[in-house]
Amino acid sequence: GTQGRWLDPSDTKAQSAQLRTHKVGVCIVPPEECWEGIQAIRRAQDRHYAKWMPHLNLLFPITCTDEELQSSTEKVSKIVSAAKAFDVSLDSIGVFDHGVSTMLWARPSAQASASMRWLHRALLREFPHSLPQ
């Protein structure tokens, strides 16, 4: 039969537990000794700068349930431990306009870009549902 397969519509606690998901990101965080200068720029330009530390997103979002969160953490740890250590150096700086605001961007060196691409592709292989639909 179907017993246990369907949620009782009146059981909101079961629904809440079943439907609770997290949007998880994987990012590179610069060393803390670099944060002061980065945060000074963010403080002047980003009203939400205090919500999270300086970071470079590699993949966002990975959507997972409570049950999947631990295994997702383990999968990311395995990928990161397989990666070769690399330095991130920046080759150029530019600006693009959003219409309402302007974004200052920094382009990583070819070597750093290659390492970040490897990490991004490895993450996408493990979390293919993170691709835009």
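How many Å² of accessible area per residue for region 24-133, probe 1.4 Å? Mind showing how you got there, number by number?
Values: 8120 Å² over 110 residues.
The answer is 74 Å² per residue.
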Quick one: if you stick a label point 7 Å off each Cα along the C-beta vector at H55 and R20, how many nm between them?
2.0 nm
Indicate the gyration tensor shape class of region 43-96 (rounded, prolate or oblate), computed on the Cα atoms with a ≥ b ≥ c the square roots of the eigenvalues: a/c under 1.5 is rounded; otherwise a/b larger than b/c is prolate and the rest oblate.
oblate
Modelled FRET efficiency - R0 30 Å, E68 with W35, Cβ distances, 0.05 increments:
0.45
Length gained when the stretch Q45-K78 is fully extended (0.36 nm per residue, less Cα-Cα span):
8.3 nm
Carbon/sulfur accessible area of region 25-133, % of total, 1.4 Å probe, equals 57 percent
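The values are calculated or read from the model by the stated rules, or taken from the named source; none is laboratory data. Since the structure is predicted, the reported quantities are computational estimates derived from the model, not experimental observations. So basically every Cβ, Gly included, is an ideal-geometry build from the backbone, and we count neighbours across all protein chains shown. Heavy atoms of the whole protein, side chains included, go into the accessibility calculation; ligands, DNA and RNA do not. Shrake-Rupley method; radii C 1.70, N 1.55, O 1.52, S 1.80 Å.
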